[in-house]
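J.: Here you go, one structure.
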Amino acid sequence: MGAYFPDFAMSVIPAAISMNGLNDSSFASVSVPAVKLYSDTALFSATVTNPPGTGSITMTFLDKTANTQKNLLTTFPDSLRLRIKTAGGVPNGSYTVRVVGNGPNGTPVHERFITLGVGITGIVNNFGIPDKFNLQQNYPNPFNPSTNIEFGIPQNGLVSLVVYDISGKEVKRVLNNINYNAGNHKVQYYPNGISSGVYFYALYFNGALIDTRKMILIY
């Protein structure tokens with residue numbers, strides 16, 4: 001009987017990010033949501049597999065809540081943030097960020113990919129039609145002055161995106177029963193007239209609650 005090799009799970013959200021190429025930054029969440037008898041460290045790195053000919057795309061791993069550099073996890077489940085920055089006029093196009101997580105001796109090795117769309121603005125519908133409803137973590141998070149929220153719907157219907165404060169009071173209807181085609185979509189949220197703090201955003205489809213996530217506004 002062969003030995004059981006301990007391992008860990010790895011998740012990167014979102015799988016697609018839109019940015020401009022002049023001087024922009026976005027965040028992705030890199031997490032180890034579960035382990036299988038694994039008790040060692042998980043070390044992370046990231047590269048652009050098709051780097052731009054001009055300008056630069058740089059990546060830095062940060063603590064999940066503080067803006068301090070951190071590229072490894074020692075307890076599980078836990079997560080980090082990956083900050084992606086563009087500078088110097090990156091040409092419009094699609095780039096691929098390869099995120100790797102591995103143990104201290106180089107094994108096991110896990111890889112996930114982020115599709116980085118430079119020059120894509122506004123609401124987008126791309127990367128095919130999802131097979132189920134999904135609401136992604138907003139990015140950047142914490143944020144100021146705006147943040148991006150991505151969601152996927154497997155069929156046409158009416159979409160609402162509602163922001164609530166920590167007491168559950170409705171703050172803003174970013175989308176209010178807007179007819180969307182099946183696909184992946186992104187909206188940009190600009191908070192107006194609200195203070196720093198923790199807020200929640202909820203996705204509704206044809207009046208039914210799909211999912212809720214937390215976001216943090218910092219002034």
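Read-outs: derived from the displayed coordinates by stated rules, not from any lab. What you see is a predicted model; the values in this text were computed from it and never measured. Positions of Cβ are generated from backbone atoms using ideal geometry, with glycine treated the same way; all protein chains shown enter the neighbour counts.
J.: Provide the net charge surrounding Asp165, with neighbours chosen by a C-beta distance below 12 Å and charges set as Lys +1, Arg +1, Asp -1, Glu -1. Walk me through the intermediate numbers first.
T.: Values: positive: Lys169, Lys172, Lys214; negative: Glu170.
That works out to +2.
J.: While we're here: Given 10 Å bins starting at zero, what is the percent of C-alpha pairs of the chain in each, up to the one with the largest pair distance?
T.: 8, 30, 34, 22, 5, 1, 0
J.: Taking a threshold of 27 Å on the Cα-Cα distance, which of the pairs Lys85/Lys169; Lys70/Lys214; Lys132/Lys186 fall above it? It would help to have the intermediate numbers written out before the result.
T.: Working: Lys85/Lys169 34 Å; Lys70/Lys214 22 Å; Lys132/Lys186 16 Å.
Too far apart for the 27 Å limit: Lys85/Lys169.
J.: Between Val171 and Thr212, what length in nm is gained on full extension when 0.36 nm per residue of separation is reduced by their alpha carbon distance? Let's see the in-between values first.
T.: On the way: separation 41, 0.36 × 41 = 14.76 nm, distance 1.43 nm.
Here the segment from Val171 to Thr212 would lengthen by 13.3 nm.
J.: Right, next: Rounded to whole Å, give me the distance from the Cα center of segment 75-105 to that of segment 12-67.
T.: Cα centres, segment 75-105 to segment 12-67: 2 Å.
J.: If you don't mind, there's one more thing I want to ask. Between Lys36 and Ser195, what length comes free when the chain is fully extended (0.36 nm per residue of separation minus the Cα-Cα distance, one decimal in nm)? Walk me through the numbers on the way to the answer.
T.: Working: separation 159, 0.36 × 159 = 57.24 nm, distance 4.18 nm.
So the chain would gain 53.1 nm between Lys36 and Ser195.
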